[in-house]
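Here is the structure we will look at.
The values are calculated or read from the model by the stated rules, or taken from the named source; none is laboratory data. Just so it is clear, the structure is predicted and the values come from calculations on it, not from any experiment. Here Cβ is always computed from backbone atoms with ideal geometry, including for glycine, and neighbour counts include all displayed protein chains.
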Amino acid sequence: MHLVIQGADVATPDLKELAKLTRAARIERMTPEAFRLIDAQPADEIAAICESRALDYAYVPETRRLADFRLLVMDMDSTLITIETIDELADLVGLKQEVAAITARAMRGEIEYDESLRHRVALLKGLDEAAIDRVYDERLELTPGAEKLLAAAKRAGIRTLLVSGGFTRITERLKPRLALDYTRANTLEVRDGKLTGQVVGRIVNADGKRDELIRVREALGIDRSQIIAIGDGANDLKFMAEAAVSVAYHAKPIVRSQATHAINYVGLDGILNLFN
């Protein structure tokens, strides 16, 4: 196993301390923000040291290669993009604080997801449908490193699937922009150019995200060992459990505790450093 250390400021003394604790054979520089400690041994102190220095760490098999994977599945809100789209829509009707509080509880797994989404969407009733495009145009930003990660996946021949509890009006604009292969999200009902406060069809919840992953996996004829999954909230756990490599990205504690890796400080492109 190798120990990958990443951070905005990786100090040489910290690297040397970690290498000594893990009896690593040597230190390799991967990027200005990432280093690999070769043949590192487990050490109980690693987690606490890295947290105190704002460093991400991950033990990775030396034989793991990005080219061995065939599907990258990821969440959208607060993962691929920096915002929660429903919170920004609520801001346009002066209800961001109320809706954001519900969103946060749902992502921590404190309340049932379907109920929380219906409640939040109901608060948007009467909002002009053009508001969704306004949020996309004015407020949506890609997470740092997102484009680099997706470009590397494409070069490696990996298909990409975006599964979201957000809305199709957003995912369908991101799909061509980022050359995503598949997307699945909720559809907001619109009448006479206004949101009705309802969702059309089955809600894309934790089960819906997992089911879409399984559908694409079967269509591609691949298995769990060839899948990478990335998410941040409790409703991502079921689809992340279907992947050999799951990454909790700037995620809630419940997600970090169940993922194979957690990234808290660097961008999405930091995931590339988990592979040879």
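Do you know which of the residues in the range 267-276 that are touching a Pro at 6+ places or on another chain (Cβ under 8 Å) and of a type outside the set (Asp, Glu) is nearest to Asp9 (Cα to Cα)? Even if it seems obvious, please write down each step before you answer.
Initial filter on the range 267-276 (touching a Pro at 6+ places or on another chain (Cβ under 8 Å)): 267-269.
Checking which are of a type outside the set (Asp, Glu) leaves us with 267-268.
Numbers: Gly267: 13, Leu268: 17 Å.
Taking the candidates together, the pick is Gly267.
Evaluate the following for Val121: is it over 17 Å from the mean Cα position of the chain (by Cα), surrounded by 15 or more Cβ atoms within 10 Å (Cβ to Cβ) and part of a helix (DSSP H, G or I)? First the steps, then the outcome.
Details: over 17 Å from the mean Cα position of the chain (by Cα): yes; surrounded by 15 or more Cβ atoms within 10 Å (Cβ to Cβ): yes; part of a helix (DSSP H, G or I): yes.
So Val121 passes the test.
For (1) touching a strand residue (DSSP E or B) at 6+ places or on another chain (Cβ under 8 Å); (2) crowded, with 24+ Cβ neighbours inside 10 Å; (3) acidic (Asp, Glu); (4) in a helix (DSSP H, G or I), each residue gets a yes or a no:
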residue	(1), (2), (3), (4)
Asn235	yes, yes, no, yes
Lys238	no, no, no, yes
Ala248	yes, yes, no, no
Ala251	yes, yes, no, no
Ile254	no, no, no, yes
Ala262	yes, no, no, no
Gly270	yes, yes, no, yes
Asn273	yes, no, no, yes
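So for the range 181-195 (the condition being within 30 Å of Val4 (Cα to Cα) and not β-branched (Val, Ile, Thr)), does at least one residue qualify? Break it down into steps so the answer makes sense when it comes.
Keep residues of the range 181-195 that are within 30 Å of Val4 (Cα to Cα), which gives 181.
Checking which are not β-branched (Val, Ile, Thr) leaves us with 181.
Yes, the range 181-195 contains a residue that is within 30 Å of Val4 (Cα to Cα) and not β-branched (Val, Ile, Thr).
Residues that are touching a strand residue (DSSP E or B) at 6+ places or on another chain (Cβ under 8 Å) and modelled with pLDDT of 95 or more: list the helices (runs of 4 or more DSSP H) wholly contained in the range 39-110 that include at least 1 such residues.
Once the helices (runs of 4 or more DSSP H) in the range 39-110 are filtered for at least 1 residues that are touching a strand residue (DSSP E or B) at 6+ places or on another chain (Cβ under 8 Å) and modelled with pLDDT of 95 or more, what remains is 46-52.
Considering only residues that are closer than 18 Å to Arg108 by Cβ and more than 11 Å from the chain's Cα centre (by Cα), which ones fall in the range 223-236?
Ala234, Asn235 - these are the residues of the range 223-236 that are closer than 18 Å to Arg108 by Cβ and more than 11 Å from the chain's Cα centre (by Cα).
Restricting to the range 195-219, give me the number of residues that are among the basic types (Lys, Arg) and either touching a Lys or Arg at 6+ places or on another chain (Cβ under 6 Å) or buried (at least 19 other Cβ atoms within 10 Å of the Cβ) (or both).
So in the range 195-219, the residues among the basic types (Lys, Arg) come out as 202, 209-210, 215, 217.
Add one more test, that the residue is either touching a Lys or Arg at 6+ places or on another chain (Cβ under 6 Å) or buried (at least 19 other Cβ atoms within 10 Å of the Cβ) (or both), and what stays is 209-210, 217.
So the count comes out to 3.
Give me the pairs, please: first residue somewhere in the range 18-39 and over 27 Å from Pro144 (Cα atoms) and among the polar types (S, T, N, Q), second residue anywhere and assigned to a strand (DSSP E or B) and at pLDDT 95 or above, beta-carbon distance under 7 Å, and either six or more positions apart or on two chains.
Listed by first residue and then by second, the contacts come to Thr22/Leu3; Thr22/Leu37.
Exactly one condition in (1) buried (at least 18 other Cβ atoms within 10 Å of the Cβ); (2) at pLDDT below 95; (3) out of contact with any Leu (no Cβ under 8 Å at 6 or more places or on another chain) is false for Ser164; which is it?
With (1) buried (at least 18 other Cβ atoms within 10 Å of the Cβ); (2) at pLDDT below 95; (3) out of contact with any Leu (no Cβ under 8 Å at 6 or more places or on another chain) applied to Ser164, the lone miss is (2).
Could you list, ordered by first residue, the pairs with Cβ atoms under 8 Å in which the first is in the range 186-202 and without any contact (Cβ under 8 Å) to a residue 60 or more places away in the chain and the second is hydrophobic (A, V, I, L, M, F, W, C) and part of a strand (DSSP E or B), at least 6 apart or interchain?
Thr187/Phe167; Thr187/Val199; Thr187/Val200; Glu189/Leu195; Glu189/Val199; Glu189/Val200; Val200/Leu188
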